1. Quick check: pseudo-label points 7 Å beyond the Cα along Cα→Cβ at C:TYR636 and A:TRP31, how many nm apart are they?
2. Once you average over the residues of B:92-99, how many Cβ atoms of partner chains fall within 10 Å of each Cβ?
3. What total accessible area, in Å², is buried where chains C and A meet, using a 1.4 Å probe and rounding to the nearest 100?
4. Among C:417-427, C:630-640, how do they line up from the highest to the lowest mean number of other beta-carbon atoms within 10 Å?
5. For chain B, how big is the tail of P(r) above 31 Å, as a whole percent of Cα pairs?
6. Considering only Cα-Cα distances, which of the following residue pairs are longer than 25 Å: B:LYS138/B:LYS239; B:LYS35/B:LYS278; B:LYS126/B:LYS222; A:LYS26/C:LYS53?
7. Given a 1.4 Å probe and every protein chain left where it sits, what share in percent of the accessible area of the stretch B:180-247 is carbon and sulfur?
8. Decide, for the stretch C:349-505, between rounded, prolate and oblate: order the square roots of the alpha carbon gyration tensor eigenvalues as a ≥ b ≥ c, take rounded if a/c falls under 1.5, and otherwise choose prolate if a/b is larger than b/c, else oblate.
Amino acid sequence: MQQSVSAKFSDHDHHDHGHVDQGGLKVLGFWIFLVTDCLLFATFFAAFAVLRTHTNGGFTGKEFDVPGFVIETFILLISSFTSGLAVLALNRGNKKALIGWLIVTVLLGATFVGLEIHEFSSMAAEGATITKSAFLTSFFSLVGLHGLHVTFGIFWMTGLILQLFKKGITSVTKRKISIISLYWHFLDAVWIFIFTVVYLMGVM
Amino acid sequence: MRKWIQTAKFSILALFGMVLLAGCDNSKYIVLNPKGPVGHEELRLIIISVILCAVIIIPVLGIFVYITIRFRDKEGNKAPYQPEWADSKVLEIIWWGIPIVIIAILGVFTAKTTLNLTKPPVQNVKPIVVQVTSMDWKWMFTYPDKKIATVNYAEIPAGVPVQFILTSDAPMNSFWVPQLGGQEYTMPGMSMGLWLQADKVGTYFGAGANFTGKGFAHMQFKVKAVSQADFNKWADSVKKGSPVLTKAGYTKLEKPSLEKELSFSSYPNGLFENIVNKNGGKYYHHMSNMGDGSSMSGMDMKK
Amino acid sequence: MNTSHFFVTGDPMIYGADASIVLVTLAIVFYLSYFKKWGWLWREWITTVDHKKIGIMYLLASLIMLFRGGVDAILMRLQLAIPNNHFLPSEHYNEIFTTHGTIMILFMAMPFMFALFNMVVPLQIGARDVAFPMLNAVSFWLFFIGAMLFNISFVIGGSADAGWLSYPPLSENQFSPGPGQNFWIWGIQISGIGSLATGINFIVTILKMRTPSMRLREMPLFSWSVLSASIAILGVFPILTGTLLMLTIDRLLGGHFFTMDAGGNPMMYVNFIWMWGHPEVYIVVLPAFGVYSEIVATFSRKRIFGYSSMVFSMIAISVVSYYTWAHHFFTMGAGADVNIVFAVCTMIIAIPTGVKVFNWLFTMFRGRIRVTQPMLWFYAFVPTFLVGGATGVMLAAAPADYQYHNSYFLIAHFHQVLIGGVVFGYLAGLYYWWPKLFGFKLNDRLGKWAFWLWQIGFYVCFMPQYALGFMGMTRRMYTYNQTMGWDMGWAPLNFISTIGAFLMGICFIFQAWQIIYSIKHGERDVTGDAWDGRTLEWSIPSPPPVYNFAILPTAKGRDTWWYQKQEMKQDGYKKEPVTFEAIHMPKNTGIPFIMAIFWFIAGFGFTFQWNWMGIIGLIGVAGTLFARSFQYDTDYWITAEEVEQTEKALGRL
């Protein structure tokens, strides 16, 4: 099994005063990044909260497709669960199960994005486009921003699956998997807010 | 080096002197020379804040100069040297305490003045309403009581509180007549209230203070304060002798341009309300502030 | 997009700029090719992940931007020197003040600050690099490419002209069509992402990379200031990213976040942008406070007074700065309650700031003060910042602000705090740490010329502007007529102010000359401790070797190097034998630079609304991230023998 230099470093240099746990640094850095990403979403949530009544006489929150967004929510929640199962497999050192659950997670994520694109395009077909009102601008931007995050996560996870095939479970891939699962759960948490603030409060 | 410092100090002092001399004629400092109760109230706060700041700044500068001279590192300096002395609870309490007290005092004055300015400057005189619309790049004033309109100048009766109601039919600007009082933004879709009043007859400089693009630098206007009788006379003469502002006329006026002073004997019904509404006014009903606590409906104060 | 408008035409000044850009580019290309320096440039600088080199690149870029922003300032002052001047037309003047503000804050102050972060923090906390060296390089290149994107708008496509914060609806398509505004958005967006990454990087660096024996509450104050500034960056730069994204959606996709029609809310932008913008000015001033703390202690030969109080006040400033943004628009008519709350919060910030001044003064009290170049800038800072702070408190009194807002009083105030606080602070830091990075001091005589010209120029330029504010002159006017000029008294003061601007321009020449002169003739520093310093960065050679510390230092309390020196003196400079160990370092990588190039392609494409090009750029960015993820061979070891040889060569053994 090939090991990277940094992995070697963190594995057996504990006596060194200069020892810095590279993996730990990256996880901490990623947590801080998530805080900033959270604030980015918060800005879009704030804009949505201000503009949600500014419908310009057109499409309102009451017209959201209820079964559509409920199914999206379930799929994303399940994907969060499967990514959790992947981490469990990782902790057991079961490479096959790990890759399997990651693939399931990617597929669920892709389904989620597909459904979202379908939702957006059917809204657009009814004339509810981003240019129609401030409400729709903020809606498409907020939900779309989340969708882009998920899309990015899908590509990222695919890259990690390839690396797992090549390298197997090492301290580096281990760290990478734990970081992406953090990301994935974060997106799930953001979606819960979108589900509540945008969709549920919209149709109520 | 010392000589250098002397020269530098001297030139700075000389320049300050020049600036002060240039400003000897204090009528030019129009902000410091208000002609109405609002401006006076704001000037009072300015003076209070200057005094409170000076109370701290001047002694600190004195201490600063003293320390820099006394503790210089040169041969034979007999001043005490205590390289490890780095803490003093008493001193810390003093210099956290003093600013807190000063800020508290200033905070109270600020709060009081802020609240005062939301009310008409005098209570026993019936106020008039002037609606103000900033456009690219001119000002339109409409008088709902008289149904007349002007561009780039306004006449108001002296001694009467004026409720200016501000909006914009272009990028946000700011309505400022320094000698009557401070400014307020004119924002598209919103109608905001600003109380001003002129105590003396006179012509006052007004300006758009918030950048709006190419023609912004030319957005000055005059506010002419005249006696109540003259004001009525002026309104009558505008009513009789000026052209009508039609809908088409407004559409033309609205286009980006610079204009001279204009007067109109009438304007389309609900012009101001339409301007506010077409720019999103319906979304801000709750925010529309007439300055006296009444709501947007106050805009229909035309009898 | 009509391609005939691609190049800005019709102004001799712009043709001049075109010509000089082409000439400078050719000269650089020729120099690099003739002396076969391309490889050197790529290996030593473009691909570097060394924080010291990145710091130097930040510094160089920020000085160039200072020059550009300064030229803009002088052009503006020339136009305003006399009434009814026809030197610059309205559009051009508007572009120039927009550019001036944007460059000075985002492309001068920010990189200058990051230069100091990079040059000093790892050395001061006894680390061999920052936590994420490659991310650090990404940050730099994003900043650099963002700045370049913003700057080329001068000759290609046209500059933004809606003010440095570009309030909508003026900055929307309806009133500002064309690429200029997009250049502004993308230039800031790209460099802003870099700033955010730097913030994350330095938080982790300071929390996790300190030499193991250094406790947080014994960390030098400059590093504390970097920590508090980084936390503030973390809190507000995402808001900037989001706000710019919204403006992009409006302009590129026809959205309605901030438009006048279809329910858009322009005032929301004003709120968002100041939620970032106000903390932003504290972000740039906090490290300056840190610099002063280091300098005052060093040159008074005394411990900093009230260390805990200093740390507490910095954190207080960075926290309270989140709750002051609305003081930028007291005149929005938000209601008395809102104005009072924000007025009081703003005034409260003055308290910890004032406390810091007291602590600096009492650090000097019963010290022994050496008046060196860095200390001179501190001397200049105290009165300038006190008066600037006082006018800030005056502005914070909301009803009084109704009279100052958007007038030259405000202009004078923020230049006084930004120049007096930030620029003086950064220059002090530059003079202080220059010998550490380059191994020689900057010439004293030229420095003093520059210093005194700065002082005189500054006061001559900005004091009249306070008076102009009281005379009712509003900001951003490209001209004023004869009546305003003479009857209202604006002209003489404007003329004096212009003289001051020129004086400040001359000092820049002095400083540039000072640097060039000192490269050859500057006083060499072989000790590594040019100023008899107190903190760890002075314990290593100047310039430091690539790994900074051959052996990670042991920190014993605050000012550890100061006391270590005293111990060494007592021991008679006995040298203990040391054993070196192999040092683990990150490898250079070209990915940050390539990623930045793709960002440039993306930004340029979206600027001209060539979405295909923008999307290609973004795909490229994602591709470089992907490629990096597959790189496993990112580090190397410096062997113990190599370390020993290097230390020997540096005279440390």
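1. About 3.4 nm separates the two model spin labels.
2. Values: counts 8, 0, 1, 11, 9, 1, 4, 11.
Taking the mean over all residues of the peptide, I get 6.
3. Working: alone 27080 and 10770 Å², together 34250 Å².
Chains C and A together bury approximately 3600 Å².
4. On the way: C:417-427: 24.1, C:630-640: 14.5.
My ranking of the peptides, most packed first, is C:417-427, C:630-640.
5. On the way: 20657 of 45753 pairs.
Taking all Cα-Cα pairs of chain B, the fraction more than 31 Å apart is 45 percent.
6. Distance filter (> 25 Å) returns B:LYS35/B:LYS278.
7. Numbers: 1350 of 2410 Å².
Reported share for carbon and sulfur atoms: 56 percent.
8. Working: a/c = 2.95, a/b = 1.59, b/c = 1.86.
Oblate.
The values are calculated or read from the model by the stated rules, or taken from the named source; none is laboratory data. Keep in mind the model is a prediction, meaning the values are calculated, not measured. FYI the Cβ positions are ideal-geometry reconstructions off the backbone, even for glycines, and counts take in every protein chain you see. Just the protein is used for accessible areas: all its heavy atoms, side chains included, with ligands, DNA and RNA removed. Shrake-Rupley method; radii C 1.70, N 1.55, O 1.52, S 1.80 Å.
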